[in-house]
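The values are calculated or read from the model by the stated rules, or taken from the named source; none is laboratory data. It should be emphasised that the depicted structure is a prediction, and the values quoted were computed from it without experimental measurement. Here the Cβ is made from the backbone with ideal geometry for all residues, glycine too, and neighbour counts use every protein chain on show.
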């Protein structure tokens, strides 16, 4: 066999791709992962130290089995590497009781027998003195959920993938992809590679790459910001304060407790400006509203915070309905695709990696991915 021929090539070795590379290599596939940068890195959607994982899912009950499977696989990854990747801080969701987000959380917890405490605003304020809620809001606290460490998760999957024989080539951009029957040709940098199968999981660059395969999907990369603020450690430390998501009258905000004195981290989930991922992204603070928006949220709901410590930017890649795309290419059964994770995908990346491996190995998966079909955009 030629040294540049593999059973499967994974283009994009970030959250989903690195996990897929591990599961494929573990299954015995001769696997090559290609990435334009050096994962884990700051040029996608997986940096920033922390990600929330929650199971009673406000975006829809269809996500619950996937979230539970993902947590099972994160636990497996911790055991396999001996690294702490998950902190059980609990997650507090806040909103008006009648909103779809809150109702989905309550109904999915009931349907799947998930532990959930539904609290009045007074009960929230009393339990967490760092929070100030007005009477129209309620809280839904999920005690078994918490925080993942994304960069460490990706590093762990990379370590295991290489142990199982996967090859990883970084800082090289894919220029061309061709699929002919059961043969895949990928030109990356000055090299050409061949494989039987292909996985495309390239985040904000997925649309460009998939267009090479005559698949034009409505994927929209946008600039997002998040920041850390100095805070009262007695109130906001990760042993006493949960991760959170607030659906307010002004927008949907999320955040994390202060972990080891890092400060309270907060970001806004909705909104954001459309960008070209190949152009420099304006840094945090280059737009006046970057700090002002987050600061106003904290002033309203978490008033025992202080000045900005620092902020960062990242990218979401949105689909029109903000549900994911996880599917086989409609014309090529040897091409699996994971794209459009719309700012809420990282928690699922362990499970998505396993799904991509099953799609390549078996042509199907045990998980129900009907919600994520490509067909809805064709």
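General observations
- Test set (1) outside any strand (DSSP E or B); (2) within 26 Å of residue 257 (Cβ to Cβ); (3) more than 15 Å from the chain's Cα centre (by Cα) - residue 347 fails condition number: (3)
- Residues (loosely packed, with under 13 Cβ neighbours inside 10 Å, out of contact with any strand residue (DSSP E or B) (no Cβ under 6 Å at 6 or more places or on another chain) and farther than 20 Å from residue 148 by Cβ) located in segment 256-282: 276, 278, 279, 280
- Among (1) in contact with a helix residue (DSSP H, G or I) (Cβ under 9 Å, 6 or more places away or on another chain); (2) closer than 30 Å to residue 131 by Cα; (3) part of a strand (DSSP E or B) - the single one residue 309 does not satisfy: (1)
- For segment 336-352, the set of residues classified as buried (at least 23 other Cβ atoms within 10 Å of the Cβ) and within 21 Å of residue 215 (Cβ to Cβ) consists of 336, 337, 338, 339, 340, 341, 352, listed by residue number.
- Residues of segment 24-72 classified as at negative phi and either in a helix (DSSP H, G or I) or in contact with a strand residue (DSSP E or B) (Cβ under 7 Å, 6 or more places away or on another chain) (or both), total: 32
- Of the strands (runs of 3 or more DSSP E) contained entirely in segment 178-233, those carrying at least 2 residues that are touching a strand residue (DSSP E or B) at 6+ places or on another chain (Cβ under 8 Å) and under 30 Å from residue 260 (Cβ atoms) fall at 220-231.
- Picking from residues in segment 242-260 that are in contact with a helix residue (DSSP H, G or I) (Cβ under 9 Å, 6 or more places away or on another chain) and not in a strand (DSSP E or B), the one that is nearest to residue 97 (Cα to Cα) is 248.
- Per this entry, residue 155 is counted among residues that are more than 26 Å from residue 196 (Cα to Cα) and in the same structural domain as residue 37 (by TED's automatic domain parsing).
- Residue within segment 359-367 that is surrounded by 14 or more Cβ atoms within 10 Å (Cβ to Cβ), closer than 16 Å to residue 10 by Cβ and out of contact with any strand residue (DSSP E or B) (no Cβ under 8 Å at 6 or more places or on another chain) present: yes
- Residue 107 out of contact with any strand residue (DSSP E or B) (no Cβ under 7 Å at 6 or more places or on another chain), closer than 23 Å to residue 369 by Cα and in a loop (DSSP other than H, G, I, E, B): no
- Residue count for segment 113-135 under the criterion of being assigned to a loop (DSSP other than H, G, I, E, B) and either at pLDDT 95 or above or closer than 23 Å to residue 72 by Cα (or both): the result is 10.
- From the options 210, 235, residue that is under 20 Å from residue 341 (Cα atoms) and either touching a helix residue (DSSP H, G or I) at 6+ places or on another chain (Cβ under 7 Å) or crowded, with 17+ Cβ neighbours inside 10 Å (or both): 210
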